[in-house]
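Derivation of every value follows stated rules applied to the coordinates shown; laboratory data play no part. As the structure is a computational prediction, the values presented were derived from the model and not from experiment. Backbone-built Cβ (ideal geometry, glycine too); neighbour counts: all protein chains shown.
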Amino acid sequence: MTDNAQKTDERRLPRVKPATDIIEREDGFYIYVDMPGVGKDGLIIDLNEDELKVSGRAEYNLPEGRKLGHVEFGGGEYFRSFTVSHIVDKERIRATLKDGVLELYLPRHERVQPRKIEIQAG
């Protein structure tokens, strides 16, 4: 392992539970996870049985020879997990990362789409 890699591994970043919005629509669920500073390479999304885990790492490296005077935001590790309902089609889950916001789309199974029940006159 290189010296730089060892220094990165030794430095512990604060762990943060990112702000999250979950929206239910007719076609499925949309989960928005705020992860500023996380790029595609620093993002991990795992689905194991009914648990969806999202983790990301944001690091802000200073140019050589510079020191931080004051930090109110900086690097961090994000982690969030979700229980996935049986009505979600796990094979069609999609993820998009744009401008520090992760969007997860969890579509419903076709057979559990909401529908109106007709009332028969008797």
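Going by a ≥ b ≥ c, the root eigenvalues of the Cα gyration tensor, does the chain fall in the rounded group (a/c under 1.5), the prolate group (a/b larger than b/c) or the oblate group? Numbers along the way, then the final one.
Working: a/c = 3.98, a/b = 2.84, b/c = 1.40.
Note, shape of the chain comes out prolate.
For the pair Arg92/Ile45, report the inter-label distance in nm, with labels modelled 7 Å from Cα in the Cβ direction.
Rounded to a tenth, the inter-label distance reads 1.5 nm.
Tell me, what ³J(HN,Hα) does each residue in the stretch 90-103 have, in order and in whole Hz, if you take phi through Karplus 6.51 cos²θ - 1.76 cosθ + 1.60 with θ = phi - 60° and put x for Gly and Pro?
With the stated coefficients, the stretch 90-103 comes to 5, 6, 10, 5, 10, 9, 9, 10, 8, 6, x, 10, 8, 10 Hz.
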